[in-house]
Amino acid sequence: MIFFKISGFFFFYFVVTGVYVIFMPKILQNLNYTPLQIGAIFALAPLMRFFVPFLFLKKIELTKEVFYKALGGALLAIALFYVTIKDFYLFMFPNLLLGASLGMILPYVETYAIMHLQKERFGRSRLFGSIGFMLVGIILARHLDDYTNGLHYLLLGMIFTALFAYVLTLNNPNFKTKSERVNTFFKLGDAKFLWMSLFLMQMSFGAFYNFFTIYETDHGISLETTSYLWAFGVICEIALFYFQAPLFQKINLLTLVKIAILATVIRWLLLFLFPDSLLISFAAQSLHAFSFALHHTAALSLLYTLYEDKKLAAQFYYGFSFGLGGFAGALVAGYFYGPYLYAYATIVAACSFGALLFFKEKG
């Protein structure tokens, strides 16, 4: 039953993510937002995800009550999308609120999931998130003639996310209402090159998460076909999530992270060199299995071996990578948008690999 609840949460959480990542940039483009404005909007939520962990480092703690408030904040933010989306400056505020809320929601559940299910079963639960992401990508592509349809899917997905999160945590003794802080120092400097690599890796993804749909459609590929590209990448991701257990039993975590980053370098390079090739785009999307699924599980698992406070480690992982990295990636991708977009992404991913060469695991 716990597996079902966790999987349901992942499914709908990534339905929300799918709508936001795949279609919101195209919606904003259709509403006459410029590439720089789109980049700025999509930099706001990651920026908040970066700042949130620092609040939990000293000021507050991620209890069940704070988690419920974060769920309410996410619902409110998406509701405000309806009345602010046509105004660039007003639209900033709900995106800031959404980023802050999501910065608390996913780490809270995912930390429990990976500890409760272990790495082997965690991948099979997390793949339901990939399924949700894929399905909404395929379905909504056929119903985006009116941008409000995208907002409806976004709100409905968040409602079900909150419902599954509430059912999972309500009477679960593993989610306590009082302090759960581990009395230990949390030093980012002890693994500074690893944190630098995580930051740069997600910075390179700014070209993908915020502009892939626009990039592909600008090169003559239809929105529906682009949705299939997203779906194909997720199918490959699902396959790796399902079959990744033997890899984690046989290969060192740091080595797996390096493999994932190298695959990402190749992925962005292919998109840069062959922007008009649908076949190459599918080939590049197949590498999503490594650049997201493998990297995500391996990096998070590696951090859990380094830090005793698992929840805080997860929050900083999302804050530094998807947060600060996503913020910088969105802004820079908005600036570089054009024929050299994925050349920039390739260089940044290569730098991520380079930083990791200086990281040494403690024996």
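The values are calculated or read from the model by the stated rules, or taken from the named source; none is laboratory data. Bear in mind the structure is a predicted one, so any value in this text is a computation, not a measurement. All Cβ positions, even for glycine, are placed from backbone atoms using ideal geometry, and neighbour counts span all protein chains on display.
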> For segment 275-288, does any single residue satisfy the condition of being buried (at least 19 other Cβ atoms within 10 Å of the Cβ), in contact with a helix residue (DSSP H, G or I) (Cβ under 6 Å, 6 or more places away or on another chain), under 24 Å from Phe122 (Cβ atoms) and not polar (S, T, N, Q)?
Replying inline: yes
> If a residue has to be of a type in the set (Gly, Ala, Ser) and either surrounded by fewer than 16 Cβ atoms within 10 Å (Cβ to Cβ) or closer than 15 Å to Ser222 by Cβ (or both) to count, how many in segment 136-155 make the cut?
Replying inline: 2
> What is the residue count in segment 25-81 for residues that are loosely packed, with under 15 Cβ neighbours inside 10 Å, among the basic types (Lys, Arg) and in a helix (DSSP H, G or I)?
Replying inline: 2
>> Going by what's in this entry, would Phe91 be described as over 26 Å from Met134 (Cβ atoms), among the aromatic types (Phe, Trp, Tyr), assigned to a helix (DSSP H, G or I) and without any contact (Cβ under 8 Å) to a residue 60 or more places away in the chain?
In response: yes
>> Being under 17 Å from Lys86 (Cβ atoms) and touching a residue at least 24 places away in the same chain (Cβ under 8 Å) is the filter here; which residues of segment 29-41 pass it?
In response: Gln29, Asn30, Leu31, Tyr33, Gln37, Ile38, Ala40, Ile41
> What tally of residues in segment 230-259 results from selecting those that are closer than 27 Å to Gly338 by Cβ and of a type outside the set (Val, Ile, Thr)?
Replying inline: 4
> How do the pairs read when you match residues in segment 287-312 that are at pLDDT 90 or above with residues anywhere that are not in a helix (DSSP H, G or I), using Cβ under 7 Å and keeping only pairs 6 or more apart or on different chains?
Replying inline: Leu294/Gln244
